[in-house]
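> Can you keep this structure in mind? I'll have questions shortly.
Each value in this text was obtained by applying a stated rule to the coordinates, not by laboratory testing. The model shown is predicted, which means the values in this text are computed figures rather than measured ones. A quick note on method: Cβ atoms are made from the backbone with ideal geometry, for glycine too, and the neighbour counts reach across all protein chains shown.
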């Protein structure tokens, strides 16, 4: 009886100690927010969410070792005529890059890996500074139509290099909804800053 009490006390002490260690570990916040501006942690990227229809509380974060993924979903759906609703998304993926990686080669490697996975990327237009569509960043951007076995999506993909960090900025929706959401996507893109 005495040994079983000691065993129970020891087990409780171990769980208490482990629980305190887990609680004391700092949770990494993937971003911070000041008004509508979102600051992504540890990579210098910031952008603004349109006030009317986006909210950072919709964000989801995944730490996949080599990739960090943050996604935002529009809080107000776009409704189809048949009563169905669709929520457009924005995804930011960051990863470490080898030294001296330039935006063009980073973009080419990302597009090749996407196409190697069975998707087909159709480039509809380039986003450039002279078209006033892409802010001054060390990156390239495209308006794209992506064909997959599950269906098509349309939107923008921007690939940025900031020192040794690669940043993929993906804004997508269905082709049927693109015209409805395009101005919001362009508002987000024009607000991108990398420091």
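> Based on the mean of other beta carbon atoms within 10 Å per residue, what is the order of 77-85, 178-186, most packed first?
Top of the packing list down: 178-186, 77-85.
> Using the count of nearby Cβ atoms within 10 Å as a rough guide to exposure, how do 112, 190 rank from fewest to most?
Fewest-to-most Cβ neighbours within 10 Å comes out as 112, 190.
> Ranking 154, 119, 90 by Cβ neighbours within 10 Å, fewest first, what do you get?
In order of increasing Cβ crowding within 10 Å: 119, 154, 90.
> Assuming a ≥ b ≥ c are the square roots of the Cα gyration tensor eigenvalues, decide whether the stretch 110-171 counts as rounded (a/c under 1.5), prolate (otherwise, with a/b larger than b/c) or oblate.
Note, shape of the stretch 110-171 comes out oblate.
> Quick check on the exposure proxy: order 37, 168, 111 from fewest to most C-beta atoms within 10 angstrom.
So the ranking, lowest neighbour count to highest, is 37, 111, 168.
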